[in-house]
Every structure is written in structure tokens, then in C-alpha cells.
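First up is the structure itself, then whatever we jot down about it.
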Amino acid sequence: MANSTLGLENQLYDYLLSISLREPDILAALREETAQHPMGMMQIAPEQGQFMEMLVQLMGATKTLEIGVFTGYSSLCVALALPSNGKIIACDVSEEYTAIARRYWEAAGVANKISLQLGPAINTLDKLIAEGQAGTFDFAFIDADKENYEAYFERSLQLVRNGGLIVIDNVLWSGRVADPEVQDTSTTALRSFNNKLRNDPRITLSVVPIADGLTLALKRRWATMMQPEHHN
Ligand code: SAM
Ligand code: CA
């Protein structure tokens, strides 16, 4: 986990934040409260939240999905970037964590944009698919239990439209994915997930080294095979 960008030394990181971060007071207040929480490290980095706002606005997204809410920092970033008719279906299992999120959604005046679904996210996503909502989301953010990333990705890929974007957090996992000695279940799940996406012809792929590593997967209209060409 990392709630700041990996690999930048402090002076340069502080400079990056000083010239770029435009965090509204409500997000700063949520970040300060979350920093006091025993699990506060789970929150995304503020520069990452701002980057996600950029993505949502670039796409003109209105209907979005979030898998893993915690105290609500990422959902609040997205909600603030959405137009007034924008929606987030937000999935989490924790009443306790999301009570904090709800408080901030209310204070920021965006609670009407967010529909919180408490329960295992796989069940929520399967319900959305069964209700006929496949192909209707513009944007999805995956940031819950790493062992289920593949299941979340497959369901999100059904739920987003062609040209929709799936953003996946923690894909560099503080560097542990690159260390073959590390073999715990979250790390091996992330490694296997990253390897699968590398060769998935259904998406256009970019792995951005912001915060703890953020994968952008754009759903392609047509799955084009990506065999590398060999020129001898
Ligand atoms: N995106 C959040 C933010 O910006 O602060 C951080 C999310 S935190 C890393 C992961 C969240 O996933 C936790 O709040 C946890 O309760 C939730 N979670 C864990 N297992 C889950 C599951 N099976 N279904 C839904 N949510 C789950
Ligand atoms: Ca995360």
C-alpha cells in the first residue's frame, strides 16, 4: 500500500505537490481524518485522486462504479468531478468505514450522486449485470481485496461501455510484485493479474507509476490481437 507516489525522494515529491495539488478543503479534511484512522494507509494518494478527476472529466463520464470505498476519498474525488446528473455505484463491505465516507459525501453536497452498496462487491456486480446494466458504465475504479481483482475486472469489463475506462489501484504494490521472494496471496494475485492484463486483447493498456501504481484499461470496441511483429 502507498498513499503517496512511490520512488520520488521527499524534496521532489513535496515540489510535485506544491506545483500541482489543488485539493478542495473538504478533501483535505477527509484526508486528515483518515490519516488518524488505524487503516489510514489504505486511502489513495491526493495526486492520484486529482488524476482520476482528470480522467473522469476527459471522458465526459456520467455513470461510474467504485469497488472499495473505505472512508470515501476516491469516491469524493470522482463525485466532485462528475456533472450534476453523474452517478457512482459504490461497493464496500464495511458499515464502519463507509459511515465516515457518507458524512463527507453529505458535507460536500454530493451524497445524491452516490449509491452505496454494502456487501461483497462480486454479488453487487453480478446483480448489476443480471439487471441488464452491462455496457452502461463509463468508468470503474477497482481498489478492494487484491485476491478478487481478476473477478472485479471481468465483471467491470462487462459493465463498462465500449471506450469505457477501468482504473485499477496498487498494481505496483510498494514494489513487492517485482520481488520474486515475496509470495503472499495479495502479491501473487496482483502479479498474476498484471501478467493477464499485459496480454489481454480486449483492452488498450497503460500502467502509470503514480501513487502505488495505477493501471488504465480502456475497453476496446473490437478485440484486436496484439502479436508483436518480428522483422528479421
Ligand atoms: N478507494 C479507497 C480510498 O480512496 O480511500 C480505499 C479502498 S481500501 C484500499 C479497500 C476497501 O475494500 C476497504 O474499505 C474494504 O472494506 C473493502 N473491501 C474488502 N473486501 C471487499 C469485498 N469483498 N467487497 C467489497 N469491498 C471490499
Ligand atoms: Ca488502494
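Each reported figure results from applying straightforward, stated rules to the coordinates on display, with no laboratory input. Every value quoted in this text rests on a predicted model; they were computed, and no experiment measured them. FYI the Cβ positions are ideal-geometry reconstructions off the backbone, even for glycines, and counts take in every protein chain you see.
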Legend entry - Selected from Leu58, Leu21, Leu76 as most flexible by GNM, with the chain as the system and alpha-carbon contacts under 10 Å: Leu58
Inset, instruction - Please work out whether the range 78-122 counts as rounded, prolate or oblate from its C-alpha gyration tensor, where a ≥ b ≥ c are the square roots of the eigenvalues and a/c under 1.5 means rounded, while otherwise a/b larger than b/c means prolate and anything else oblate? - result: oblate
Legend entry - Order of Ile122, Ile142 under a 10 Å beta carbon neighbour criterion, fewest first: Ile122, Ile142
Legend entry - Cα centroid of the range 151-221 to Cα centroid of the range 1-54, whole Å: 21 Å
Inset, instruction - Treat the count of other C-beta atoms within 10 Å as a stand-in for reagent exposure and order Ile44, Ile129 from fewest to most. - result: Ile129, Ile44
Inset, instruction - Rank these for me by crowding, Arg191, Arg155, Arg161, going from fewest to most other beta carbons within 10 Å. - result: Arg161, Arg191, Arg155
Inset, instruction - Using only the Cα atoms of the range 67-146, build the gyration tensor, take square roots of its eigenvalues as a ≥ b ≥ c, and label the shape rounded, prolate or oblate: rounded if a/c is under 1.5, else prolate if a/b is larger than b/c, else oblate. - result: oblate
Inset, instruction - Quick one: work out the % antiparallel among DSSP beta bridges in the chain, nearest 5. - result: 35 percent
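Can you pull out the GluC sites (Glu not before Pro) in the range 97-200 that DSSP calls coil and that have at most 15 other Cβ atoms within 10 Å? If you can, show how the numbers build up before the last one.
Numbers: sites: Glu106, Glu131, Glu147, Glu150, Glu154, Glu181; in loops: Glu131, Glu181.
Passing sites in the range 97-200 are Glu131, Glu181.
Apply the a/c threshold of 1.5 to the C-alpha gyration tensor of the range 10-219 and tell me whether it is rounded, prolate or oblate. Show your work: numbers first, answer last.
Numbers: a/c = 1.35, a/b = 1.05, b/c = 1.29.
It comes out rounded by the Cα gyration axes.
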Inset, instruction - Can you figure out the FRET efficiency of Leu12 with Arg198, using R₀ = 35 Å and their beta-carbon distance, to the nearest 0.05? - result: 0.75
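If r is the Cβ-Cβ distance from Ala178 to Leu205 and R0 is 25 Å, what FRET efficiency results, to the nearest 0.05?
Approximately 0.90, to the nearest 0.05.
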Inset, instruction - List nothing, just return the count: lysine pairs in the chain, 8 or more apart or interchain, with Cα separation under 18 Å. - result: 8
